[in-house]
Amino acid sequence: MAADLWTALFIAILTAFTGYEVISRVPSLLHTPLMSGSNFIHGIVLVGGIVALGFATTDLERIVGFLAVVMGAMNVTGGYVVTERILAMFDRSKKGGPKP
Amino acid sequence: MTSPLHDVVDAVYVVAILVFILGLRAMSSPTTARQGIVTAGIAMLIAVVVTFLSPGLSNFAWIALGVAIGGLAGFGWARVVKMTAMPQMVAVFNGMGGGAAAAIAGVELLGSLRGATADLSVAGAVIGSISISGSVIAFLKLQGWMPSKAIVLPARQVVNFAVLVVAVGFGVGAVGWLRPEYLAPFFGLLVLYGVLLTLPIGGADMPVVISLFNALTGIAVGLDGFALVSGPLGDAGYAMVIAGVLVGAAGSLLTVLMARAMNRSVGNVFFGAFGATEDAGAAVTGSLKPIDATDAATLMAYANEVVIAPGYGMAVAQAQQKVKELSDLLAAKGVTVKFAIHPVAGRMPGHMNVLLAEAGISYDKLFDRDEINAELPSVDVVLVIGANDVVNPAARRKGSPLEGMPILDVDRAKTVIVIKRGQGKGFAGIENELFYGDNCRMLYGDAQAAVGQLVTALKQS
């Protein structure tokens, strides 16, 4: 296996633990924004789509790469807007509601 | 990593990853969450822009067009959709991510079947394809364009497994024998597998399903990242590995939490046909005792404390605004109002919280199961709105299909009023013993209409 694959594996293992630690204390109130926020974060796939299409050489590669970019862009913008809208409501309900 | 421009691109990726982790971390508190997502959004925008500007790329017009089409579609759709449609929106945007991951793997495989990372691309393609087709089925079910009940085909375990094995066989064959013509059946069968996997899953299991497909897309993106690290612009690959694995870990944790809230394993949700077993031995004694809205309103108006337990029925009827009105009226009469939220009530993790927040109900009135169960025995009135299995005391009995599922102990309150459309059973297909209890009264009707009647009655009293 090439050296950069080993590096990526090290990174992946450390990231898995980071992800677990960062998330493990999220209250159930925020489960939707957590899910939708992580949905937005895997929108980084758009970057991969740009690289794939950017280095595509045949027409078939271009078509498939183009699909990757379109879907990746939908993932990232849609994921962001949905998360932002949900969190905006939590903001408002904090200000609007009377404290018990 | 030769030109200074490469260093700039890499530095931006490093900062973006740092901000993603901090952004996810900010999700642990409602006061910081919004700032977290905004910061993560800016980091993402910069990462995308520098990737576009990085050296060696071609096909710029195609890239720009693709980003414009996808970006506008995603932005527009997510802006206009109603809050009640959030579960299916999350499903569809997640599916797009899975599809993008599968397509990237496709480009990699078309370009270099001989490459050292071709097997990683195959793995990314497998998971990404299952994620997009499964998410689309979940979307169709949640949107109501397809029956949300479990569709169980004969011998499905065998058929599904065979489809998956043949699909992976085509993928391995494409790489092993350098046969690009195998790629079409490979992707086609994987998409079919995602459909077959999701069809038998009913609506009430959707919180587990959506959350699992989210984790799967993360893993697919991470695998694509692995495949890209040794290519040109390898550092985009590292960024994808980190973001993908981060989501994979967070999503898996959430999936397990959701499954545990139903006392089932993730495998059971996907491979066990739930609702198919009938609980023959459970004879329910007692009768259903109806109540009209005026009496119910009077009971609540003279209570010290009212706990409202919402379920999917509230979401379907879009009754959350009426519920807010009801809670305000009761509060004005000096009644303490609290909300009891079961983790899997609704169709996605945290669904009830989002709907109540939309209606403007302060989140410090929302209590999760463990918090509220301790005080339920001393509560005067519990109002159950369109929830069924999550309040079914049969879960405490051995041999029930719901056995062991942690529930809201609303049957222990002094009085329970249940708003329900009819006398049908819950998703699990078993009678709810709560409804037959001496302390329980049934208020029949659509959740919005019934709560509306309660509001009218309260205003008149």
Which residues, counting only those in the range B:72-98, are within 21 Å of A:Leu87 (Cα to Cα), at the interface with chain A (Cβ under 7 Å from one of its Cβ atoms) and crowded, with 22+ Cβ neighbours inside 10 Å?
-> B:Gly74, B:Ala78, B:Met86, B:Met89, B:Val90, B:Phe93, B:Asn94
Could you please find all residues in the range B:336-358 being modelled with pLDDT of 90 or more and of a type in the set (Gly, Ala, Ser)?
-> B:Ala340
Being in a strand (DSSP E or B) and closer than 28 Å to B:Val90 by Cβ is the filter here, so list the residues in the range B:316-350 that pass it.
-> B:Lys338, B:Phe339, B:Ala340, B:Ile341
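Output the residue which, of all residues in the range B:82-119 that are among the β-branched types (Val, Ile, Thr) and modelled with pLDDT of 90 or more, is farthest from B:Val344 (Cα to Cα).
First pass over the range B:82-119, keeping only residues among the β-branched types (Val, Ile, Thr): B:84, B:90, B:92, B:104, B:107, B:117.
Subset that is modelled with pLDDT of 90 or more: B:90, B:92, B:104, B:107.
Values: B:Val90: 16, B:Val92: 20, B:Ile104: 34, B:Val107: 39 Å.
For the range B:82-119, the residue satisfying everything is B:Val107.
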Hey, could you check the range B:99-120 for residues that are within 7 Å of another protein chain (Cβ to nearest Cβ), of a type in the set (A, V, I, L, M, F, W, C) and surrounded by fewer than 24 Cβ atoms within 10 Å (Cβ to Cβ) and say which is farthest from A:Val69 (Cα to Cα)?
-> B:Ala116
Considering B:Ile69, B:Ile63, which residue is crowded, with 21+ Cβ neighbours inside 10 Å, out of contact with any Ser or Thr (no Cβ under 7 Å at 6 or more places or on another chain), part of a helix (DSSP H, G or I) and free of Cβ contacts under 8 Å to residues at least 12 places away in the same chain?
-> B:Ile63
Taking B:Ala394 and the conditions (1) more than 26 Å from the chain's Cα centre (by Cα); (2) more than 20 Å from B:Leu329 (Cβ to Cβ); (3) in a helix (DSSP H, G or I), which numbered condition does it fall short on, given that it satisfies the others?
-> (1)
Just give me the residues in the range B:310-361 being hydroxyl-bearing (Ser, Thr, Tyr) and without any contact (Cβ under 8 Å) to a residue 40 or more places away in the chain, in sequence order.
-> B:Ser327, B:Thr336
Working only within the range B:406-449, note down all residues that are modelled with pLDDT of 85 or more, assigned to a loop (DSSP other than H, G, I, E, B) and of a type in the set (A, V, I, L, M, F, W, C).
-> B:Ile407, B:Leu408, B:Ala413
Please work out which residue is modelled with the lowest pLDDT, limiting yourself to the range A:59-97 and to residues that are surrounded by fewer than 19 Cβ atoms within 10 Å (Cβ to Cβ) and more than 7 Å from chain B (Cβ to nearest Cβ).
-> A:Lys95
Within the range B:376-386, is even one residue in contact (Cβ under 8 Å) with a residue 12 or more places away in the chain, touching a Gly at 6+ places or on another chain (Cβ under 9 Å) and either surrounded by fewer than 23 Cβ atoms within 10 Å (Cβ to Cβ) or within 14 Å of chain A (Cβ to nearest Cβ) (or both)?
-> no
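Yes/no matrix, rows are residues, columns are (1) among the β-branched types (Val, Ile, Thr); (2) more than 7 Å from chain B (Cβ to nearest Cβ); (3) in contact with a Ser or Thr (Cβ under 7 Å, 6 or more places away or on another chain):
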residue	(1), (2), (3)
A:Phe10	no, yes, no
A:Ile13	yes, yes, no
A:Val26	yes, no, yes
A:Thr32	yes, no, no
A:Gly37	no, no, yes
A:Val45	yes, no, no
Being aliphatic (A, V, I, L, M) and not in a helix (DSSP H, G or I) is the filter; apply it to the range B:1-55 and report the residue that is farthest from the other protein chains (Cβ to nearest Cβ).
-> B:Met1
What number of residues within the range B:215-234 are buried (at least 24 other Cβ atoms within 10 Å of the Cβ) and not hydrophobic (A, V, I, L, M, F, W, C)?
-> 5
From (1) touching a helix residue (DSSP H, G or I) at 6+ places or on another chain (Cβ under 6 Å); (2) under 25 Å from B:Thr84 (Cα atoms), pick out the condition that doesn't hold for B:Lys365.
-> (1)
Among the residues of the range B:396-406, is any touching a residue at least 40 places away in the same chain (Cβ under 8 Å) and under 24 Å from B:Gly445 (Cβ atoms)?
-> no
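The values are calculated or read from the model by the stated rules, or taken from the named source; none is laboratory data. This one's a predicted model, so the numbers in the text were calculated from it and none came from an experiment. Note: ideal-geometry Cβ built from the backbone for every residue, glycine included; neighbour counts use all protein chains shown.
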